[in-house]
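Trainee: My questions will all concern the structure given below.
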Amino acid sequence: MIPGVDPRLLEKWEPVIGLEVHAQLATESKMFCRCRRIYGAPPNTHTCPVCLAYPGALPVLNAQAVEFAIRMGQAVGCQIRSLTTFARKNYFYPDLPKGYQISQYDEPICEHGQLSFYLEDGSMSTVGITRIHMEEDAGKTIHGVKNESYVDFNRCGTPLIEIVSEPDIRSPHEARRYLERLKQTLEYTAVSQADMEKGNLRCDANISIRPRGSQTLGTRTEMKNLNSFRGVERGLTYEINRQIQVLESGGTVTLCTLNWDEATGETQIMRTKEEAHDYRYFPEPDLVPLLIDPQRVAAIKASLPELPAALERRFTEQYGLRSQDVEILARTRQLAAYYEAVVQAGVAPTDAAQWILGEVLRVLNEEHQEIQDFPLKPAALAELIQATTQGTINRNTGKNVFDKMLKEGLSVTEIVERDQLAQVSDTAALEDTVRQVLAGSPKELGRYRGGEAKLFGYFMGQVMAATKGQGDPQVVRSLLQQILDES
Ligand SMILES: [Zn+2]
């Protein structure tokens with residue numbers, strides 16, 4: 001099943017998808033020079049003779065970038081080459097002052113990995129990773145300012161890794177989940193900020209269609225600019241439909257590069273696809289081959305943090321949470337850490353999950369905030385949750401207090417005291433209220449006695465309102481039952 005594709009055609013045709021994902025590495029400086037790697041600076045303020053390709057300027061490899069590439073390789077189970085080399089990929093574009101990109105070709109730093117993740121239906125998918133290689137980013141062209149085009153070289157030489165998957169993906173949804181897992185892994189390992197909106201993470205796809213049961217690959221097209229999760233799903237669905245239509249009508253798919261336009265929901269042909277030899281790859285003469293010490297690789301492996309799959313497994317087992325809740329809590333390392341801090345402050349794991357998945361995520365979504373910037377620290381939230389579980393305030397009051405804590409920056413105790421919100425569990429006081437409510441509603445009482453049991457809820461509501469929501473609902477319920485049963 002692929003939403004948006006005719007299921008009868010899918011019985012006949014099988015989509016085959018591989019992704020090429022570029023991730024900017026979270027280094028301080030660029031790949032081959034000392035310029036700062038920075039996003040959003042005024043144009044052309046972070047450049048030097050090396051990244052602007054002045055004649056005679058020589059590249060010096062950024063050791064941190066190599067470390068990050070190895071780190072990501074280890075996180076997805078790749079083999080790390082003991083000898084890796086750089087190559088020149090030649091092409092002309094105004095945002096590429098050298099006329100070539102320093103990349104890696106036949107000896108990439110990492111090979112033969114895999115990534116596992118769950119699909120929507122709960123089944124597990126494993127996608128092979130062919131290779132991860134290091135390269136440098138190009139600059140940025142800005143079109144259409146006063147009918148002119150500009151070039152900003154700040155991004156030139158930004159360290160990248162390109163993560164190339166095997167053609168193991170069979171649906172747009174699977175592609176999206178793969179990309180989400182990749183982003184999550186890049187963030188957990190702190191290899192990249194992996195922010196798609198800032199272009200830290202960019203995705204291209206290779207797509208082909210073949211008759212079901214066939215083992216040979218059909219002619220593929222390459223799709224560029226799938227730069228949001230939604231874009232990946234929409235773009236791939238569009239291209240799968242297009243290729244199936246071509247094949248169904250007896251035509252053949254031509255090798256080409258397509259550009260996905262998120263705004264129109266369509267693709268344009270950028271160019272008929274060049275082959276690798278069009279780039280005239282050759283060994284980079286200005287950089288020596290890189291020998292990688294196996295001990296260094298082992299040390300990097302040992303320093304890896306807990307990865308998403310392992311954390312999800314642990315959360316499920318240790319805290320007894322539902323898998324769909326775990327998936328959300330583990331989405332970022334910071335959210336998972338926030339959750340654990342609330343639990344460690346003494347809150348029951350399921351209560352902590354309920355509050356974070358409900359109230360906290362609601363506010364984060366409304367405010368477009370990340371958990372790192374959330375003003376309520378785990379200890380403060382824990383204190384609030386405990387006030388509700390220990391019966392100081394009831395759950396509904398708790399939600400109001402939560403909003404007030406956020407707005408006013410006060411503690412639970414301060415708000416409860418100031419607003420006199422403490423829950424009334426005093427039976428004698430509540431009994432008076434219950435009797436007053438019943439005495440004030442003779443008509444409803446008559447109907448209740450006549451068999452309209454649902455009016456119990458009406459009385460509950462009246463009593464809770466009379467206590468301004470501060471009555472302990474359990475005590476009110478049992479008192480009400482007791483008094484109604486009396487006569
Ligand atoms: Zn530079």
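The values are calculated or read from the model by the stated rules, or taken from the named source; none is laboratory data. All figures in this text were calculated on a predicted structure; none of them were measured in a lab. All Cβ positions, even for glycine, are placed from backbone atoms using ideal geometry, and neighbour counts span all protein chains on display.
Trainee: Quick check on my filter: what residues within region 50-66 are among the hydrophobic types (A, V, I, L, M, F, W, C), free of Cβ contacts under 8 Å to residues at least 40 places away in the same chain and within 14 Å of the ligand (Cβ to nearest atom)?
Mentor: Ala57, Val60
Trainee: Kindly list the number of the only condition in (1) on the phi < 0 side of the Ramachandran plot; (2) within 13 Å of the ligand (Cβ to nearest atom) that fails for Pro7.
Mentor: Only one criterion in (1) on the phi < 0 side of the Ramachandran plot; (2) within 13 Å of the ligand (Cβ to nearest atom) is unmet by Pro7, namely (2).
Trainee: Regarding region 227-236, can at least one residue be identified that is assigned to a loop (DSSP other than H, G, I, E, B), modelled with pLDDT of 95 or more, in the same structural domain as Tyr39 (by TED's automatic domain parsing) and not basic (Lys, Arg)?
Mentor: Residues of region 227-236 assigned to a loop (DSSP other than H, G, I, E, B): 227-228.
Cutting the leftovers down to modelled with pLDDT of 95 or more gives us none.
No, region 227-236 has no match at all.
Trainee: Moving to a separate point now. Considering only region 405-429, how many residues are modelled with pLDDT of 80 or more and crowded, with 18+ Cβ neighbours inside 10 Å?
Mentor: Going through region 405-429 one residue at a time, the tally reaches 2.
Trainee: Give me the helices (runs of 4 or more DSSP H) completely within region 344-403, filtered to those with at least 1 residues that are farther than 24 Å from Gln420 by Cα and of a type in the set (Asp, Glu), ordered by residue number.
Mentor: Here the list reads 349-355, 361-367.
Trainee: When you go through (1) farther than 24 Å from Arg313 by Cβ; (2) surrounded by fewer than 22 Cβ atoms within 10 Å (Cβ to Cβ); (3) at pLDDT 95 or above; (4) not hydrophobic (A, V, I, L, M, F, W, C) one by one for Glu197, which number turns out not to apply?
Mentor: In the conditions (1) farther than 24 Å from Arg313 by Cβ; (2) surrounded by fewer than 22 Cβ atoms within 10 Å (Cβ to Cβ); (3) at pLDDT 95 or above; (4) not hydrophobic (A, V, I, L, M, F, W, C), Glu197 misses (3) alone.
Trainee: Would you confirm, using the coordinates I've provided, whether Glu383 is without any contact (Cβ under 8 Å) to a residue 12 or more places away in the chain and assigned by TED's automatic domain parsing to the domain that holds Tyr339?
Mentor: On the way: without any contact (Cβ under 8 Å) to a residue 12 or more places away in the chain: no; assigned by TED's automatic domain parsing to the domain that holds Tyr339: yes.
In short, no.
Trainee: From the list Lys468, Lys399, which one is closer than 22 Å to Tyr339 by Cα and of a type in the set (D, E, K, R)?
Mentor: Lys399
Trainee: Could we say that Arg220 is in contact (Cβ under 8 Å) with a residue 24 or more places away in the chain, in contact with a strand residue (DSSP E or B) (Cβ under 9 Å, 6 or more places away or on another chain), closer than 29 Å to Leu307 by Cα and among the basic types (Lys, Arg) here? I'd like the intermediate steps shown before the answer.
Mentor: Values: in contact (Cβ under 8 Å) with a residue 24 or more places away in the chain: yes; in contact with a strand residue (DSSP E or B) (Cβ under 9 Å, 6 or more places away or on another chain): yes; closer than 29 Å to Leu307 by Cα: no; among the basic types (Lys, Arg): yes.
No; evaluated as a whole, the condition is false for this residue.
Trainee: Do we have any residue at all in region 323-331 that's more than 18 Å from Ala194 (Cβ to Cβ), of a type in the set (D, E, K, R) and buried (at least 17 other Cβ atoms within 10 Å of the Cβ)?
Mentor: Within region 323-331 (the criterion being more than 18 Å from Ala194 (Cβ to Cβ), of a type in the set (D, E, K, R) and buried (at least 17 other Cβ atoms within 10 Å of the Cβ)), the answer is yes, since at least one residue qualifies.
Trainee: Answer yes if at least one residue in region 452-460 is under 20 Å from Thr388 (Cβ atoms) and modelled with pLDDT of 85 or more, and no otherwise.
Mentor: yes
Trainee: So, one more: Given (1) surrounded by 14 or more Cβ atoms within 10 Å (Cβ to Cβ); (2) modelled with pLDDT of 95 or more, identify the lone condition not met by Ala298.
Mentor: (1)
Trainee: If the requirement is being at pLDDT 95 or above and surrounded by fewer than 18 Cβ atoms within 10 Å (Cβ to Cβ), which of these qualifies: Glu120, Glu135, Glu107? Steps first, answer last, please.
Mentor: Values: Glu120 fails: at pLDDT 95 or above; Glu135 fails: surrounded by fewer than 18 Cβ atoms within 10 Å (Cβ to Cβ).
After applying the criteria, what remains is Glu107.
Trainee: Sticking with this structure for a sec: Considering only region 78-181, give the strands (runs of 3 or more DSSP E) lying wholly within it that have at least 1 residues that are within 16 Å of the ligand (Cβ to nearest atom) and not charged (D, E, K, R).
Mentor: 100-103, 148-152, 159-165
Trainee: Okay, next question. Scan region 14-43 residue by residue and report those that are within 11 Å of the ligand (Cβ to nearest atom) and more than 21 Å from Leu201 (Cα to Cα). Walk me through it before giving the result.
Mentor: Within region 14-43, the subset within 11 Å of the ligand (Cβ to nearest atom) is 29-37.
Correct list: Cys33, Arg34.
Trainee: Please indicate, with yes or no, whether at least one residue in region 33-46 is out of contact with any Lys or Arg (no Cβ under 6 Å at 6 or more places or on another chain), assigned by TED's automatic domain parsing to the domain that holds Ile129, over 20 Å from Asp152 (Cβ atoms) and of a type in the set (Ser, Thr, Tyr).
Mentor: Checked against the condition, which is being out of contact with any Lys or Arg (no Cβ under 6 Å at 6 or more places or on another chain), assigned by TED's automatic domain parsing to the domain that holds Ile129, over 20 Å from Asp152 (Cβ atoms) and of a type in the set (Ser, Thr, Tyr), region 33-46 yields no hits at all.
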